[in-house]
Amino acid sequence: MKLVRTENYAEMSLEAGKIIVDRVRSNPNLTLGLATGSTPKGVYDYLIHNHKENGTTYTNAKSVNLDEYIGLSAQDPNSYHYFMNQNLFCHLDINENHTHIPNGAANLLEQECLRYEQLIKNLGGVDLQLLGIGQNGHIGFNEPGTAFSSRTHIVTLAQNTREANSRFFNSLEKVPTHAITMGIASILDSKEILLLVSGERKAEALNKFVNGEISEQFPASALKYHKNVTVIADKDALKYI
Ligand code: F6R
């Protein structure tokens with residue numbers, strides 16, 4: 001595991017953005033694994049800026065997102081579909097049909113999980129997976145206690161995850177209780193992983209990740225089994241390290 005120390009959120013985003021652009025330029029057909037939330041927004045801004053200024057093209061690239069809330073349609077402003085369109089896809093030349101996100105509004109959710117897992121396989125797997133981390137150590141929406149052998153599945157969101165994400169909703173009650181997420185094993189199949197960690201509220205989680213044991217009670221610790229992980233963290237997140 002490689003740890004890149006940065007001064008702040010902007011520098012963390014820049015370092016991650018440069019790596020992604022490098023991989024897209026050397027393999028224009030790649031499949032990117034993408035995340036939502038506050039952490040990757042700066043990286044997405046960098047990719048948009050770089051696309052406009054330097055012409056990095058995504059016409060042959062594909063993307064798969066980690067997760068989606070159950071019960072929200074793609075048009076719902078709080079859905080991850082909406083987030084990705086607004087914050088990234090609309091601003092790049094990526095083909096909309098090449099961007100994939102689990103369908104949280106599917107009627108048959110178990111089947112949707114199987115479809116998504118198969119889709120990733122059909123794409124040849126994820127070349128570069130971008131990850132954030134929850135304060136409880138979750139990656140994707142794999143909450144503490146998730147089996148490391150898990151594939152795309154339905155989860156009940158932890159109360160602290162719903163509380164953390166309520167900042168995007170009008171109230172806690174509006175935050176969905178369930179989500180579809182790629183599993184830990186699905187994530188570990190990625191050829192390369194970039195984990196971004198920013199801010200003091202993630203400092204404990206980062207310390208546990210770097211110095212703690214590997215345990216299903218701390219989902220991110222599974223990343224220690226992976227051979228090609230780069231952690232890019234800012235000074236505030238590195239407070240205890
Ligand atoms: C988002 C995701 C989550 C977030 C994590 C951190 O697609 O899978 O694991 O990465 O909850 O969220 P932020 O970045 O908002 O602190």
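Summary of values
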item	result
Every pair of residues 6+ apart whose Cβ atoms lie under 6 Å, when the first sits in region 84-108 and is farther than 19 Å from LEU30 by Cα while the second is part of a loop (DSSP other than H, G, I, E, B) and among the hydroxyl-bearing types (Ser, Thr, Tyr)	ALA105/SER73
Selected residue (only one of GLY42, GLY33 is within 14 Å of the ligand (Cβ to nearest atom), over 14 Å from LEU131 (Cβ atoms), surrounded by 14 or more Cβ atoms within 10 Å (Cβ to Cβ) and of a type in the set (Gly, Ala, Ser))	GLY42
Answer from GLN111, GLN86, GLN75 - the residue that is loosely packed, with under 14 Cβ neighbours inside 10 Å, more than 26 Å from ARG167 (Cβ to Cβ) and either out of contact with any strand residue (DSSP E or B) (no Cβ under 7 Å at 6 or more places or on another chain) or charged (D, E, K, R) (or both)	GLN111
In region 151-176, the residues that are surrounded by 13 or more Cβ atoms within 10 Å (Cβ to Cβ), more than 16 Å from ASN136 (Cβ to Cβ) and of a type outside the set (Phe, Trp, Tyr)	ARG151, THR152, HIS153, ILE154, PRO176
Among residues of region 45-62, those that are hydrophobic (A, V, I, L, M, F, W, C) and surrounded by fewer than 20 Cβ atoms within 10 Å (Cβ to Cβ), counted	1
Every residue from region 15-30 that is surrounded by 15 or more Cβ atoms within 10 Å (Cβ to Cβ) and either of a type outside the set (Asp, Glu) or in contact with a Lys or Arg (Cβ under 8 Å, 6 or more places away or on another chain) (or both)	ALA16, GLY17, ILE19, ILE20, VAL21, ARG23, VAL24, LEU30
Residue in region 215-224 that is without any contact (Cβ under 8 Å) to a residue 40 or more places away in the chain, among the hydrophobic types (A, V, I, L, M, F, W, C), crowded, with 17+ Cβ neighbours inside 10 Å and more than 9 Å from the ligand (Cβ to nearest atom) present	no
Positions within region 139-149 being within 12 Å of ALA185 (Cβ to Cβ), more than 15 Å from the chain's Cα centre (by Cα) and either surrounded by 21 or more Cβ atoms within 10 Å (Cβ to Cβ) or within 13 Å of the ligand (Cβ to nearest atom) (or both), in sequence order	THR146
Top-ranked residue in region 200-209 [being touching a residue at least 60 places away in the same chain (Cβ under 8 Å) and crowded, with 18+ Cβ neighbours inside 10 Å; ranked as nearest to the ligand (Cβ to nearest atom)]	LYS202
Single unsatisfied condition, SER190 versus (1) away from the ligand (no atom under 16 Å from the Cβ); (2) buried (at least 17 other Cβ atoms within 10 Å of the Cβ); (3) among the hydroxyl-bearing types (Ser, Thr, Tyr)	(1)
Cβ pairs under 6 Å, 6+ apart, first in region 116-141 and closer than 21 Å to SER26 by Cα, second of a type in the set (Gly, Ala, Ser) and part of a strand (DSSP E or B)	VAL126/GLY33; GLN129/GLY33
Matching residues in region 207-226 - criterion: being farther than 18 Å from PRO40 by Cα and in contact with a strand residue (DSSP E or B) (Cβ under 9 Å, 6 or more places away or on another chain)	LYS208, PHE209, VAL210, GLY212, PRO219, SER221, ALA222, LEU223, HIS226
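The numbers here are math on the coordinates, done by the rules we state, and not lab data. Being a predicted model, the structure only gives us computed values, none of them experimental. Cβ coordinates were reconstructed from backbone atoms using ideal geometry, including for glycine residues, and neighbour counts include every protein chain displayed.
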